[in-house]
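Inspection log for the structure reproduced underneath, given as structure tokens.
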Amino acid sequence: MTVYSLIILVHIIAAVCGLGATFALPVLMNKPKTVTQAQFAFTVNAGVEKLAKVGSITLLITGLMLGIMNPHLFTQGWYIISIIVFIAIQPVVIVVLPKKMAKQMKILETHDGTELPEAYKQIGKQLAPFHSMTHIAAVVLIILMVLKPF
């Protein structure tokens, strides 16, 4: 196995970790029906999110390493667009989603009772389009990486 092949392998594993969580976390966070379940979901989310962050950072680093080792990639549309899509979605992943989820957690911390508060549910609804954006970006990235259409 060459160094280049090893980096591709690491890149693929990072994609599974980083992009896989993109699909799993919204499902996890939409399942709770009670405050206790939501608090547990946030605990699980924190662990999965660490894996996703490491995977995403590794994905970017290994992707750029592959380009440095094979500069021809920087002439390929699929490669350039992949980098653009990846970077473009980062503000949603790094800023928007965590801020809204932090608001949800704060609501849970100050809530008395077992039923999920309406404010918590409203933020969950506000998160839906942002989760859709991350899903679309992930699908586009997967299609570009696998099919290399241009």
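The values are calculated or read from the model by the stated rules, or taken from the named source; none is laboratory data. These numbers were taken from a predicted model, which means no experiment stands behind them. All Cβ positions, even for glycine, are placed from backbone atoms using ideal geometry, and neighbour counts span all protein chains on display.
Using the structure shown, decide if Val48 is assigned to a helix (DSSP H, G or I) and under 11 Å from the mean Cα position of the chain (by Cα). Yes: the conditions hold for Val48. Scanning region 86-107 for any residue that is farther than 20 Å from Ala128 by Cβ, in contact with a helix residue (DSSP H, G or I) (Cβ under 8 Å, 6 or more places away or on another chain) and polar (S, T, N, Q) turns up nothing.
When you look at Leu66, is it more than 19 Å from the chain's Cα centre (by Cα), assigned to a helix (DSSP H, G or I), under 26 Å from Leu51 (Cα atoms) and among the aliphatic types (A, V, I, L, M), yes or no? Here the answer is yes, as Leu66 does meet what is asked.
Remark: pairs (first residue in region 74-94, exposed (fewer than 13 other Cβ atoms within 10 Å of the Cβ); second residue in a helix (DSSP H, G or I); Cβ separation under 6 Å; 6+ apart in sequence or on different chains) = Phe74/Gly67. Among the residues examined, Ile57 qualifies as modelled with pLDDT under 95, on the phi < 0 side of the Ramachandran plot and out of contact with any Pro (no Cβ under 7 Å at 6 or more places or on another chain).
Does region 60-71 contain any residue that is over 24 Å from Gln122 (Cβ atoms) and exposed (fewer than 12 other Cβ atoms within 10 Å of the Cβ)? Scanning region 60-71 turns up at least one residue that is over 24 Å from Gln122 (Cβ atoms) and exposed (fewer than 12 other Cβ atoms within 10 Å of the Cβ). Residues in region 95-115 that are within 13 Å of Asn45 (Cβ to Cβ), in contact (Cβ under 8 Å) with a residue 40 or more places away in the chain and over 16 Å from the mean Cα position of the chain (by Cα): Gln104, Met105, Leu108.
Listed here are the residues, each with its yes/no results for (1) among the small types (Gly, Ala, Ser); (2) at pLDDT below 95; (3) in a helix (DSSP H, G or I).
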{"residue": "Met29", "(1), (2), (3)": "no, yes, yes"}
{"residue": "Ala52", "(1), (2), (3)": "yes, yes, yes"}
{"residue": "Thr62", "(1), (2), (3)": "no, no, yes"}
{"residue": "Phe74", "(1), (2), (3)": "no, no, yes"}
{"residue": "Val85", "(1), (2), (3)": "no, no, yes"}
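Answer yes if at least one residue in region 25-39 is within 19 Å of Val146 (Cβ to Cβ), in contact (Cβ under 8 Å) with a residue 24 or more places away in the chain and within 13 Å of the chain's Cα centre (by Cα), and no otherwise. So far as region 25-39 goes, no, none of its residues is within 19 Å of Val146 (Cβ to Cβ), in contact (Cβ under 8 Å) with a residue 24 or more places away in the chain and within 13 Å of the chain's Cα centre (by Cα).
Of all residues in region 120-150, those satisfying the criterion of being free of Cβ contacts under 8 Å to residues at least 40 places away in the same chain and polar (S, T, N, Q) are Gln122, Gln126, Ser132.
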